[in-house]
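The values are calculated or read from the model by the stated rules, or taken from the named source; none is laboratory data. As the structure is a prediction and not an experimental result, all values here were calculated from the model. So basically every Cβ, Gly included, is an ideal-geometry build from the backbone, and we count neighbours across all protein chains shown. Accessible surface is based on the protein model in full, side chains and every heavy atom, while ligands, DNA and RNA are left aside. Shrake-Rupley method; radii C 1.70, N 1.55, O 1.52, S 1.80 Å.
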Amino acid sequence: FKAVIIGVCIAILGQFMGVNAVLYYGPSIFENAGLSGGDSLFYQVLVGLVNTLTTVLALVIIDKVGRKKLVYYGVSGMVVSLILIGLYFLFGDSLGVSSLFLLVFFLFYVFCCAVSICAVVFVLLSEMYPTKVRGLAMSIAGFALWIGTYLIGQLTPWMLQNLTPAGTFFLFALMCVPYMLIVWKLVPETTGKSLEEIERYWTRSE
């Protein structure tokens, strides 16, 4: 039960760290920054390209670096980039900062996200559960993940309008903190371990 709850938490929290908000509403966010429609779409193409290439990179390095280390590195980079994006929306116009800086922050965010939580979550969820509940637990966690995806898809336009883009990205940065703490304190490192070894982690923790 503990493993299922932890899996549900990281599945839902992962969506509220902004990745699908960026992928779904990137052009609107770029237009809020004052870019033309054409430039916004071009920037979004670059976001998608970086996301795809970085996912391939993550598949290559996930077993070498380790699941939890990738999360630590990636989420740390996400926090930095989300804060910088928020600061850009707050002060970019008044300071005359080029929109290219926003593009760099976005691409860095997508890189950090794709190399960490996007690649790790499904691998980690498929490995971390005890054998007797793995099928059911994966179904519950997957369902929770898609609920989170639906909610963030519905809530992002409201957040951009009512919290402002800056407030929205600061909120995404804040959501990274409990995610990191849960992975650090409650999730076992599964890299290089057999399913039986991982299962013994939960038995000991009981």
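Miscellaneous remarks
- Largest-first ordering by accessible area, 1.4 Å probe, given options F143, F91, F172, F105: F143, F91, F105, F172
- Per residue accessible area in Å² of segment 98-206, where ligands, DNA and RNA are left out and the probe is 1.4 Å: 51 Å²
- Over segment 66-206 - Rg/Rh using Cα atoms and the Kirkwood inverse-distance radius: 1.06
- Helix 195-205 axis, angle to the chain major axis (alpha carbon atoms, nearest 10°): 90 degrees
- Euclidean distance of C-alpha centroids, segment 23-65 and segment 73-115, integer Å: 12 Å
- Accessible-area rank, largest first, for W146, W184: W146, W184, with all protein chains present and a 1.4 angstrom probe.
- Highest average packing first - 111-121, 69-79, Cβ atoms within 10 Å: 111-121, 69-79
- Counting only aspartates and glutamates at least 8 places from K2 when in the same chain, those with an alpha carbon closer than 18 Å to its own are E127, E189, E196, E197, E199, E206.
- Ligands, DNA and RNA left out, the accessible area of the chain computed with a 1.4 Å probe is 70% carbon and sulfur.
- Solvent-accessible area of K185, all protein chains in place: 130 Å² (probe radius 1.4 Å, heavy atoms, ligands and nucleic acids excluded).
- Per-residue extension of 0.36 nm, minus the Cα-Cα distance of W146 and F42, leaves a gain of 34.7 nm for this segment.
- Solvent-accessible surface of protein heavy atoms, probed at 1.4 angstrom with all chains present, puts L46, L195, L35, L59 in the order L59, L195, L46, L35, largest first.
- Two-site FRET efficiency, I61 against F91, from Cβ-Cβ distance with R₀ of 35 Å, rounded to 0.05: 0.50
- Positive dipole terminus of segment 70-206, leading residue within F170, G148, L160 (C-beta point charges): G148
- Degrees separating the helix 19-32 axis from the principal Cα axis of the chain, which is the longest one: 10 degrees
- Of the residues V19, V177, V110, the one that moves most in a GNM of the chain with alpha-carbon contacts below 10 Å is V177.
- Per-residue surface analysis assigns L186 an accessible area of about 60 Å², computed on protein heavy atoms at 1.4 Å probe radius.
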